[in-house]
């Protein structure tokens with residue numbers, strides 16, 4: 001038997017993945033046009049395989065990801081956020097590219113309650129994270145631990161301080177290139193990892209054997 005304090009020590013964090021594109025094809029033939037798309041800001045298949053990403057290649061290009069703060073989240077604690085991306089080039093030169101992440105939150109209310117609650121317009125994502133997710137990375141294919149083309153990577157950790165969000169908020173994250181890639185570099189934006197503290201419900205955990 002474990003008491004509630006032991007439970008919080010063992011299970012106090014939860015990490016979820018929010019994809020930039022909701023679903024990927026099982027075979028290339030299901031999305032032949034997706035495999036051939038070349039325009040930036042649109043979906044492509046990384047390495048023409050089964051992994052759809054958002055292609056970003058110029059300063060100011062962006063993609064938005066939505067996340068609803070779940071009811072098992074304790075928003076009074078900090079929320080950690082990482083961007084997941086892949087290099088879609090180049091093959092022989094060294095390229096640097098800068099990106100950052102910003103956000104804003106809004107609520108959805110019941111239509112029947114509109115006279116009692118103020119609805120909120122969907123905002124642009126202009127708020128920087130309290131620990132800013134903002135970095136410059138080097139894209140190359142040099143052996144010995146350097147970045148590999150088409151391989152997914154995790155960014156630095158960004159942090160939203162506690163009490164900035166509320167349960168059931170819809171959060172609009174904006175992943176944006178804030179520095180044009182040198183040369184012909186391209187980033188494939190895959191999605192976000194979000195880690196939050198678990199909210200302990202108003203009951204005692206009993207008779208739980210590990």
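Brief remarks follow.
- Rg followed by Dmax, in Å, when the range 15-197 is reduced to its Cα trace: 17.8, 62
- For residue 128 and residue 107, the difference between the fully extended length at 0.36 nm per residue and the C-alpha to C-alpha distance is 5.6 nm.
- Were the residues from residue 151 through residue 198 laid out at 0.36 nm apart, the gain over their Cα-Cα distance would be 13.8 nm.
- Mean Cβ count within 10 Å, highest first, over the residues of peptides 63-70, 121-128, 149-156, 81-88: 81-88, 63-70, 149-156, 121-128
- Residue 94-residue 115 FRET efficiency (beta carbon distance; Förster radius 41 Å; 0.05 resolution): 0.10
Computed from the coordinates by the stated procedures, all read-outs in this text should not be read as laboratory data. In this text, all values refer to a predicted model and were calculated from it rather than measured experimentally. Because the Cβ atoms are built from the backbone with ideal geometry, glycine has one as well, and the counts that use them run over all protein chains shown.
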